[in-house]
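Input: a single structure, listed below in structure tokens.
The values are calculated or read from the model by the stated rules, or taken from the named source; none is laboratory data. Just so we're clear, the structure is a prediction, and the values are computed from it rather than from any experiment. A quick note on method: Cβ atoms are made from the backbone with ideal geometry, for glycine too, and the neighbour counts reach across all protein chains shown.
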Amino acid sequence: MTATTTGGRSGARGGAVTTVAWAVLLFGLWLWGRELTGGEPDLGGPVRLSDGRVLPAPVRPLDGEAVPVRLEMDGPALRAEVIERGVEADGGVEPPPFEAADTAGWFRDGPVPGAAGAALLVGHVDTDTGRAVFYDLSTVEPGAEVEVLRSDGRTAVFTVERVDVVELSAFDPEAVYGPHREGRAELRLITCGGEFDAERSSYSANVVVSAYLTETRDPPGPPADPAPS
């Protein structure tokens, strides 16, 4: 069984993200397959939820020549710097350090937020001393917007499509890490959820917020020269 569990209260491993190596390998293979896909992607139209609400249509992905630098959301309010993370020795995604529990970690071996595929951002839910960056992630609702500022000055705006609480006993890496629709730029925000097991110092589930790209904003241009008098 494979799962990603990101922070909570630190135990022997400090609440680190844990993912078995083959899950990371599968993720890499999905990316490889995406990169081989040719032709114009079929992004589809507006997304209709089961309750009848209609979300915006996805927009064309951006290129991947950038890195994420900041994450922002309203409802719940979330403002966080984004740092690059890799893979731990045991094959798991490396979480932000606990001394930087107010930051989100981007899995740099995956897509850049805004590029085609599912970009992965992980963060702690809490620490021994209080709340962490993704404490309120479970309260996010479909339709909420998530903004990621990139190093190229562009802002990738995502609309939340679904929020799942995935029990570790039923964790499906393809459903969590893989894109929900080929050709789209998607985003995953992942943290711990479910019940806290004090004996094992771990949570029973993951909260997984899935969103897709619905708007891109270019960096503001230089101020216009004043009109001649």
Notebook entry, point to check: Which of the residues spanning the range 47-77 are within 27 Å of D136 (Cβ to Cβ) and without any contact (Cβ under 8 Å) to a residue 60 or more places away in the chain?
Noted result: R48, S50, D51, G52, V54, A77
Notebook entry, point to check: Among G117, G86, which is the only one that is on the phi > 0 side of the Ramachandran plot and in contact with an Asp or Glu (Cβ under 9 Å, 6 or more places away or on another chain)?
Noted result: G117
Checklist line | strands (runs of 3 or more DSSP E) (entirely within the range 113-196) containing at least 1 residues that are at pLDDT below 90 and more than 13 Å from the chain's Cα centre (by Cα) | finding: 155-167
Next item on the list: Could you tell me which numbered condition E72 fails, if it satisfies all but one of (1) over 27 Å from E182 (Cβ atoms); (2) modelled with pLDDT of 95 or more; (3) part of a loop (DSSP other than H, G, I, E, B)?
Entry: (3)
Margin query: Taking the condition of being within 26 Å of R181 (Cβ to Cβ) and among the acidic types (D, E), how many residues in the range 75-111 meet it?
Written below: 1
Next item on the list: Mind listing whichever residues of the range 82-92 are without any contact (Cβ under 8 Å) to a residue 40 or more places away in the chain and either within 11 Å of the chain's Cα centre (by Cα) or under 18 Å from D152 (Cα atoms) (or both)?
Entry: I83, E84
Check: Taking into account only those residues within the range 96-112 that are small (G, A, S) and under 10 Å from the mean Cα position of the chain (by Cα), which is nearest to A80 (Cα to Cα)?
Finding: A104
Checklist line | Of residues in the range 93-112 being in contact with a helix residue (DSSP H, G or I) (Cβ under 9 Å, 6 or more places away or on another chain) and part of a loop (DSSP other than H, G, I, E, B), the one farthest from T159 (Cα to Cα) | finding: D109
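Table: residues versus (1) under 13 Å from L71 (Cβ atoms); (2) of a type in the set (K, R); (3) surrounded by fewer than 24 Cβ atoms within 10 Å (Cβ to Cβ).
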| residue | (1), (2), (3) |
| --- | --- |
| A116 | no, no, no |
| L120 | yes, no, no |
| H124 | no, no, no |
| T127 | no, no, yes |
| R131 | no, yes, yes |
| S138 | no, no, yes |
| P142 | no, no, yes |
| L149 | yes, no, yes |
| G153 | no, no, yes |
